[in-house]
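What follows is a short report on a single structure.
The values are calculated or read from the model by the stated rules, or taken from the named source; none is laboratory data. From a predicted model like this one, the values you see are computed outputs, not experimental measurements. No Cβ is skipped: glycine too gets one built from the backbone with ideal geometry, and neighbour counts run over all protein chains shown.
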Amino acid sequence: MNAVDLYRRHKVKLGVLLVTALLVFWLAVAFQRSFLLLGDPEPVAKAIGAGYLLLPCIGAWALIRELLFGAQTQRMARQLDREGGLPVDDLPRTPAGRIVRSAADEAFPAYQAEVESDPENWRSWFRLSCAYDAAGDRKRARRAMREAAKLHRQHGAATAP
């Protein structure tokens with residue numbers, strides 16, 4: 001496998017790694033700056049330092065949460081792929097590579113009906129999340145994927161239905 005193929009295969013992971021490294025660097029700098037301010041004799045500087053200390057804590061929590069969500073999503077996708085349950089990516093695309101919205105909207109009701117008929121099945125929620133994403137509704141796609149992850153944790157990685 002040459003370097004170009006390797007890059008294409010791991011492009012998303014490399015992007016996540018770069019953004020994570022930048023965020024960790026920012027968190028370290030913010031943490032260090034907050035301690036400098038906490039060490040200042042001025043009460044206002046101490047108050048700003050205490051407030052500034054919250055930023056890296058919130059950032060670290062959000063980073064860990066998103067990395068765990070991504071890892072969970074990847075585990076579910078691999079399991080569905082092994083089971084042959086991933087949705088087929090056969091929707092028409094624009095010349096720029098985006099999915100044609102009307103085609104995604106036409107395919108959506110089948111995935112919605114699948115969830116309505118079996119709301120406790122994480123596989124159905126995963127496929128619904130993919131359908132939302134194809135239709136361009138990222139907020140609902142994330143919500144459906146979080147529901148899939150919750151059900152996957154509750155019911156374990158049970159065998160295919």
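Values computed for the structure shown
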{"item": "Single residue of 148, 160, 135 found to be in contact with a Ser or Thr (Cβ under 7 Å, 6 or more places away or on another chain) and either closer than 24 Å to residue 75 by Cα or at pLDDT below 85 (or both)", "result": "148"}
{"item": "Where residue 93 falls short, out of the listed (1) closer than 30 Å to residue 20 by Cα; (2) free of Cβ contacts under 8 Å to residues at least 24 places away in the same chain; (3) basic (Lys, Arg)", "result": "(1)"}
{"item": "Residue match in the stretch 79-87 (condition: at positive phi and either modelled with pLDDT of 90 or more or not hydroxyl-bearing (Ser, Thr, Tyr) (or both))", "result": "yes"}
{"item": "Single residue of the stretch 101-132 satisfying the filter (buried (at least 18 other Cβ atoms within 10 Å of the Cβ) and among the basic types (Lys, Arg)) that is nearest to residue 76 (Cα to Cα)", "result": "123"}
{"item": "Residue in the stretch 33-82 that is surrounded by the fewest Cβ atoms within 10 Å (Cβ to Cβ), counting only those that are of a type in the set (Asp, Glu) and within 30 Å of residue 149 (Cβ to Cβ)", "result": "81"}
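This table checks each residue for (1) among the hydrophobic types (A, V, I, L, M, F, W, C); (2) within 20 Å of the chain's Cα centre (by Cα); (3) within 20 Å of residue 140 (Cβ to Cβ).
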{"position": "56", "(1), (2), (3)": "no, no, no"}
{"position": "71", "(1), (2), (3)": "yes, yes, no"}
{"position": "105", "(1), (2), (3)": "no, no, yes"}
{"position": "109", "(1), (2), (3)": "no, no, yes"}
